[in-house]
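**Q** Got a structure here, written out as C-alpha coordinates. Questions coming.
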Amino acid sequence: MKMALSHFETTILLALFISAVLGVVTKKTDKERLRYGLTSFGYFLLTIFGLSWLMFLGHR
Amino acid sequence: MSDQTEILYPPLPPLSKWLPVLLLAWIIPGGGHFYLKRTYRGLILAGCVVISFALGLMMRGYIFQPAGGDLLTTVIYYGGFLADLSTGVLFLMTKWFGYESADVAGHVVDYGTKFLVAAGLFNILAMVDAWEIAVGRKD
(Lines give C-alpha, C1' and ligand atoms only; values in the text may rest on other atoms or scores of the structure.)
Protein backbone atom coordinates (compact mmCIF):
# COMPACT_ATOMS: atom_id res chain seq x y z
CA MET A 1 0.00 0.00 0.00
CA LYS A 2 1.44 3.31 -1.04
CA MET A 3 0.38 6.80 -0.23
CA ALA A 4 1.25 10.22 -1.56
CA LEU A 5 0.03 13.16 0.46
CA SER A 6 0.29 16.79 -0.55
CA HIS A 7 2.27 19.43 1.35
CA PHE A 8 -0.96 20.73 2.86
CA GLU A 9 -2.29 17.33 4.01
CA THR A 10 1.07 16.36 5.48
CA THR A 11 1.40 19.60 7.41
CA ILE A 12 -2.15 19.39 8.79
CA LEU A 13 -1.64 15.79 9.93
CA LEU A 14 1.69 16.55 11.58
CA ALA A 15 0.16 19.60 13.31
CA LEU A 16 -2.69 17.42 14.60
CA PHE A 17 -0.36 14.76 16.01
CA ILE A 18 2.01 17.29 17.61
CA SER A 19 -0.89 19.18 19.22
CA ALA A 20 -2.41 15.97 20.61
CA VAL A 21 0.88 14.61 22.00
CA LEU A 22 1.99 17.90 23.53
CA GLY A 23 -1.46 18.42 25.04
CA VAL A 24 -1.39 14.97 26.67
CA VAL A 25 2.14 15.13 28.06
CA THR A 26 2.40 18.75 29.17
CA LYS A 27 -0.88 19.44 30.97
CA LYS A 28 -2.32 18.10 34.19
CA THR A 29 -6.08 17.90 33.76
CA ASP A 30 -8.18 16.67 30.83
CA LYS A 31 -9.73 20.10 30.42
CA GLU A 32 -6.30 21.74 30.19
CA ARG A 33 -5.13 19.07 27.73
CA LEU A 34 -8.09 19.58 25.43
CA ARG A 35 -7.75 23.33 25.58
CA TYR A 36 -3.99 23.22 24.93
CA GLY A 37 -4.41 20.75 22.06
CA LEU A 38 -7.09 22.83 20.34
CA THR A 39 -5.23 26.11 20.88
CA SER A 40 -1.98 24.63 19.62
CA PHE A 41 -3.70 23.17 16.54
CA GLY A 42 -5.37 26.54 15.90
CA TYR A 43 -2.02 28.34 16.01
CA PHE A 44 -0.54 25.72 13.68
CA LEU A 45 -3.39 26.32 11.20
CA LEU A 46 -2.92 30.08 11.40
CA THR A 47 0.81 29.70 10.76
CA ILE A 48 0.26 27.26 7.87
CA PHE A 49 -2.24 29.52 6.12
CA GLY A 50 -0.22 32.65 6.90
CA LEU A 51 3.02 31.23 5.49
CA SER A 52 1.20 29.73 2.51
CA TRP A 53 -0.25 33.11 1.55
CA LEU A 54 3.11 34.76 2.12
CA MET A 55 4.82 32.30 -0.23
CA PHE A 56 2.02 32.61 -2.79
CA LEU A 57 2.18 36.40 -2.82
CA GLY A 58 5.98 36.37 -2.77
CA HIS A 59 6.08 34.30 -5.96
CA ARG A 60 3.65 36.40 -7.99
CA MET B 1 14.33 31.30 58.72
CA SER B 2 11.59 28.77 58.15
CA ASP B 3 12.25 25.11 58.94
CA GLN B 4 10.07 24.07 56.08
CA THR B 5 11.92 23.64 52.82
CA GLU B 6 9.96 23.27 49.67
CA ILE B 7 10.47 19.89 48.03
CA LEU B 8 10.09 20.34 44.29
CA TYR B 9 10.50 16.68 43.42
CA PRO B 10 9.98 13.65 45.64
CA PRO B 11 13.02 11.37 45.97
CA LEU B 12 13.46 8.90 43.13
CA PRO B 13 11.87 5.51 43.91
CA PRO B 14 13.90 2.31 43.40
CA LEU B 15 14.88 1.33 39.87
CA SER B 16 12.58 -1.69 39.93
CA LYS B 17 9.57 0.59 40.18
CA TRP B 18 10.15 2.76 37.13
CA LEU B 19 12.52 0.87 34.82
CA PRO B 20 9.91 -1.70 33.68
CA VAL B 21 7.51 1.16 32.94
CA LEU B 22 10.15 2.96 30.90
CA LEU B 23 11.05 -0.18 28.95
CA LEU B 24 7.40 -1.02 28.34
CA ALA B 25 6.77 2.55 27.16
CA TRP B 26 9.65 2.19 24.71
CA ILE B 27 8.79 -1.27 23.37
CA ILE B 28 5.04 -0.70 23.05
CA PRO B 29 3.96 2.86 22.25
CA GLY B 30 1.56 3.90 25.03
CA GLY B 31 2.42 0.72 26.97
CA GLY B 32 3.77 2.59 29.98
CA HIS B 33 0.51 4.49 30.32
CA PHE B 34 -1.58 1.32 29.95
CA TYR B 35 0.52 -0.33 32.66
CA LEU B 36 -0.01 2.66 34.94
CA LYS B 37 -3.78 2.59 34.22
CA ARG B 38 -3.78 5.84 32.24
CA THR B 39 -5.69 4.16 29.45
CA TYR B 40 -7.10 7.14 27.55
CA ARG B 41 -3.82 9.02 27.54
CA GLY B 42 -2.06 5.85 26.46
CA LEU B 43 -4.52 5.39 23.62
CA ILE B 44 -4.01 8.93 22.32
CA LEU B 45 -0.22 8.64 22.50
CA ALA B 46 -0.18 5.15 20.96
CA GLY B 47 -2.53 6.31 18.21
CA CYS B 48 -0.33 9.29 17.33
CA VAL B 49 2.84 7.17 17.28
CA VAL B 50 1.38 4.23 15.33
CA ILE B 51 -0.54 6.30 12.77
CA SER B 52 2.44 8.59 12.22
CA PHE B 53 4.73 5.58 11.76
CA ALA B 54 2.26 3.83 9.43
CA LEU B 55 1.93 6.96 7.29
CA GLY B 56 5.73 7.16 7.13
CA LEU B 57 5.92 3.56 5.91
CA MET B 58 3.15 4.07 3.36
CA MET B 59 5.06 7.03 1.97
CA ARG B 60 8.12 4.77 1.73
CA GLY B 61 10.09 6.82 4.25
CA TYR B 62 13.75 6.06 4.85
CA ILE B 63 14.75 4.30 8.09
CA PHE B 64 18.03 5.88 9.16
CA GLN B 65 21.14 3.79 9.67
CA PRO B 66 23.97 5.15 11.83
CA ALA B 67 26.49 6.75 9.52
CA GLY B 68 29.42 9.03 10.10
CA GLY B 69 31.04 11.67 7.95
CA ASP B 70 31.00 15.41 8.43
CA LEU B 71 29.30 16.81 11.52
CA LEU B 72 25.94 17.49 9.88
CA THR B 73 25.75 14.01 8.34
CA THR B 74 26.65 12.41 11.67
CA VAL B 75 24.03 14.41 13.57
CA ILE B 76 21.31 13.71 11.00
CA TYR B 77 21.99 10.00 10.58
CA TYR B 78 22.68 9.16 14.23
CA GLY B 79 19.84 11.41 15.40
CA GLY B 80 17.47 9.93 12.84
CA PHE B 81 18.49 6.42 13.80
CA LEU B 82 17.90 7.12 17.51
CA ALA B 83 14.49 8.61 16.74
CA ASP B 84 13.54 5.61 14.57
CA LEU B 85 14.81 3.24 17.26
CA SER B 86 12.61 5.01 19.83
CA THR B 87 9.47 3.64 18.20
CA GLY B 88 10.29 0.30 19.84
CA VAL B 89 8.46 -2.69 18.38
CA LEU B 90 7.46 -0.72 15.28
CA PHE B 91 11.11 -0.20 14.39
CA LEU B 92 11.94 -3.83 15.19
CA MET B 93 9.08 -4.99 12.94
CA THR B 94 10.52 -3.08 10.00
CA LYS B 95 13.71 -5.09 10.52
CA TRP B 96 11.91 -8.44 11.01
CA PHE B 97 9.77 -7.98 7.90
CA GLY B 98 12.67 -6.65 5.85
CA TYR B 99 11.31 -3.18 5.10
CA GLU B 100 13.72 -1.27 2.93
CA SER B 101 13.54 2.08 1.31
CA ALA B 102 16.31 3.89 -0.46
CA ASP B 103 17.39 7.33 0.76
CA VAL B 104 16.38 9.04 -2.46
CA ALA B 105 15.27 12.55 -3.33
CA GLY B 106 11.55 13.15 -3.67
CA HIS B 107 9.05 15.03 -1.57
CA VAL B 108 6.77 12.06 -0.72
CA VAL B 109 9.67 9.88 0.47
CA ASP B 110 11.02 12.87 2.37
CA TYR B 111 7.69 13.39 4.15
CA GLY B 112 7.63 9.69 4.96
CA THR B 113 11.08 9.92 6.55
CA LYS B 114 9.94 12.87 8.66
CA PHE B 115 6.82 11.02 9.79
CA LEU B 116 8.93 8.04 10.89
CA VAL B 117 11.25 10.31 12.88
CA ALA B 118 8.31 12.23 14.34
CA ALA B 119 6.76 8.95 15.53
CA GLY B 120 9.98 8.23 17.45
CA LEU B 121 10.02 11.69 18.99
CA PHE B 122 6.37 11.31 20.06
CA ASN B 123 7.27 8.04 21.73
CA ILE B 124 10.19 9.66 23.57
CA LEU B 125 7.74 12.23 24.96
CA ALA B 126 5.38 9.39 25.94
CA MET B 127 8.26 7.56 27.67
CA VAL B 128 9.21 10.65 29.67
CA ASP B 129 5.57 11.19 30.63
CA ALA B 130 5.20 7.55 31.77
CA TRP B 131 8.44 7.81 33.75
CA GLU B 132 7.22 10.99 35.48
CA ILE B 133 3.99 9.26 36.46
CA ALA B 134 5.88 6.18 37.70
CA VAL B 135 8.21 8.21 39.94
CA GLY B 136 5.35 10.32 41.31
CA ARG B 137 6.24 13.61 39.71
CA LYS B 138 3.00 13.71 37.82
CA ASP B 139 -0.48 12.24 38.24
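The values are calculated or read from the model by the stated rules, or taken from the named source; none is laboratory data. This structure is a prediction, so every number in the text was calculated from the model and none was measured. Quick reminder, even Gly has a Cβ in these numbers, built from the backbone with ideal geometry, and neighbours come from all protein chains shown. Side chains are part of the model used for accessible areas, which takes the heavy atoms of the whole protein and leaves out ligands, DNA and RNA. Shrake-Rupley method; radii C 1.70, N 1.55, O 1.52, S 1.80 Å.
**Q** Those residues that are part of a helix (DSSP H, G or I) and either among the aromatic types (F, W, Y) or open to solvent by 50 Å² or more (accessible area, probe 1.4 Å) (or both), I need them from the stretch B:119-139; list them, please.
**A** Those that are part of a helix (DSSP H, G or I) and either among the aromatic types (F, W, Y) or open to solvent by 50 Å² or more (accessible area, probe 1.4 Å) (or both): B:L121, B:F122, B:I124, B:L125, B:V128, B:W131, B:E132.
**Q** Please go through the stretch A:1-15 and pick out each residue that is facing chain B (nearest Cβ under 7 Å) and over 8 Å from the mean Cα position of the chain (by Cα).
**A** A:M1, A:K2, A:M3, A:A4, A:L5, A:T10
**Q** Do we have any residue at all in the stretch A:19-29 that's within 9 Å of chain B (Cβ to nearest Cβ), of a type in the set (G, A, S) and under 18 Å from B:L121 (Cβ atoms)?
**A** Yes, some residue in the stretch A:19-29 is within 9 Å of chain B (Cβ to nearest Cβ), of a type in the set (G, A, S) and under 18 Å from B:L121 (Cβ atoms).
Listed here are the residues, each with its yes/no results for (1) closer than 25 Å to B:H107 by Cα; (2) touching a His at 6+ places or on another chain (Cβ under 7 Å); (3) loosely packed, with under 13 Cβ neighbours inside 10 Å.
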residue	(1), (2), (3)
A:T11	yes, no, no
A:F17	yes, no, no
A:V24	no, no, no
A:G58	yes, no, yes
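**Q** Moving on. Can you confirm whether the stretch B:95-104 contains a residue that is assigned to a helix (DSSP H, G or I) and either out of contact with any Lys or Arg (no Cβ under 7 Å at 6 or more places or on another chain) or under 22 Å from A:F17 (Cα atoms) (or both)? Let's see the steps before the verdict.
**A** First pass over the stretch B:95-104, keeping only residues assigned to a helix (DSSP H, G or I): B:95-96.
Narrowing the set further to residues that are either out of contact with any Lys or Arg (no Cβ under 7 Å at 6 or more places or on another chain) or under 22 Å from A:F17 (Cα atoms) (or both) leaves B:95-96.
For the stretch B:95-104, residues assigned to a helix (DSSP H, G or I) and either out of contact with any Lys or Arg (no Cβ under 7 Å at 6 or more places or on another chain) or under 22 Å from A:F17 (Cα atoms) (or both): present.
**Q** Checking B:V75 against (1) within 14 Å of another protein chain (Cβ to nearest Cβ); (2) in a helix (DSSP H, G or I), only one condition comes out false. Which one?
**A** Among (1) within 14 Å of another protein chain (Cβ to nearest Cβ); (2) in a helix (DSSP H, G or I), B:V75 violates only (1).
**Q** Starting from residues that are under 15 Å from B:Q65 (Cβ atoms) and open to solvent by 50 Å² or more (accessible area, probe 1.4 Å), keep the ones in the stretch B:100-118 and report whichever is farthest from the other protein chains (Cβ to nearest Cβ).
**A** Just the residues of the stretch B:100-118 that are under 15 Å from B:Q65 (Cβ atoms), to begin with: B:100-104, B:113, B:116-117.
Next, only the ones that are open to solvent by 50 Å² or more (accessible area, probe 1.4 Å) stay: B:100, B:102-104.
Values: B:E100: 14, B:A102: 14, B:D103: 17, B:V104: 14 Å.
Looking at residues that are under 15 Å from B:Q65 (Cβ atoms) and open to solvent by 50 Å² or more (accessible area, probe 1.4 Å), I get B:D103.
**Q** I'd like to verify a number: residues in the stretch B:48-80 that are open to solvent by 10 Å² or more (accessible area, probe 1.4 Å) and over 22 Å from B:G32 (Cβ atoms), how many?
**A** The qualifying residues number 22.
**Q** While we're here: From A:S52, A:S40, which residue is more than 12 Å from chain B (Cβ to nearest Cβ), more than 30 Å from B:W131 (Cα to Cα) and surrounded by 13 or more Cβ atoms within 10 Å (Cβ to Cβ)?
**A** A:S52
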